[in-house]
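Student: Have a look at this one.
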Amino acid sequence: MGHHLCLESLKIMIYITGSSVLLILFIQSLHRKIPTITIEEFYVPTLNKTDTKTTIKNTTIYFELKLYNKDPVGIYYRPMNLTFSYFPNKTTSTSVPVPLCVYTLHGFHQEHHKEKHVRGTVETSGMTVHGGGEGVVVMRVDLVGRVKFKSIAQWKRTVKVGVDVTVDEYTGGKVVKSGIHMVKSRAAPVAEVVFWIYSPVALLLVFVSLLNLRFL
């Protein structure tokens, strides 16, 4: 009788422990956040009036992004589209941004609490900026894509961020010298979850919990 009670108690303990571990991991998965993305460098050569040696206009845009994974798990980045546009009237309040070009960021994996710098150039069709005397041109950068979190449940989340970048009309560089944070441009869809258990330990816990539940 005592042996039977010990066995039943052990089954209950295993079930409770397994269920608790799974519940904790599941709750942690609910708090995943999209990575922090900042524009570290931004240069528009066609606006650079200090370069008097070059006679042919350079219509490319040079940029550098920093992507920081602040979550305690790794992230898989799907290919993302980086859209560049500008405001012809140099203001975001009275004009609509004119698209210039799109740059595709290839997919990659990023470990937890790591940062990655992405440097690139993208060709544009040229810009026509109207006079206004502000001495700056307001550019727009938008990033749209998907990320997948490496956790017990494969959570997928849409990344839709953007920011206005003020560029010096005389030098072609961004006015703000520090990194510019890209923020949510619109409400992104709620994270989608696919219950795909990839960890052997988690799979064992599920099996043991279900087995003991059957005999309780």
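Every number here is computed from the coordinates shown, using simple stated rules; none is lab data. These numbers were taken from a predicted model, which means no experiment stands behind them. Cβ placement follows ideal geometry from the backbone for every residue including glycine, while neighbour counts extend to all protein chains displayed.
Student: Separation between the Arg119 and Lys49 pseudo-spin-labels, each 7 Å from Cα along Cα→Cβ, expressed in nm?
Tutor: 2.9
Student: Sticking with this one: Test of understanding: ordering Ile180, Ile16 by Cβ neighbours within 10 Å, fewest first, what list do you get?
Tutor: Working: Ile180 19, Ile16 12.
The order, fewest Cβ neighbours first, is Ile16, Ile180.
Student: Follow-up. How much length is gained if the chain between Val102 and Thr17 is pulled fully straight, taking 0.36 nm per residue apart and subtracting their Cα-Cα distance, in nm to one decimal? Before the final figure, lay out each step's value.
Tutor: Numbers: separation 85, 0.36 × 85 = 30.60 nm, distance 5.02 nm.
Result: 25.6 nm gained on full extension.
Student: Among Asp142, Asp164, Asp51, what is the fewest-to-most ranking by other Cβ atoms within 10 Å?
Tutor: On the way: Asp142 19, Asp164 15, Asp51 11.
Going from least to most buried by this count: Asp51, Asp164, Asp142.
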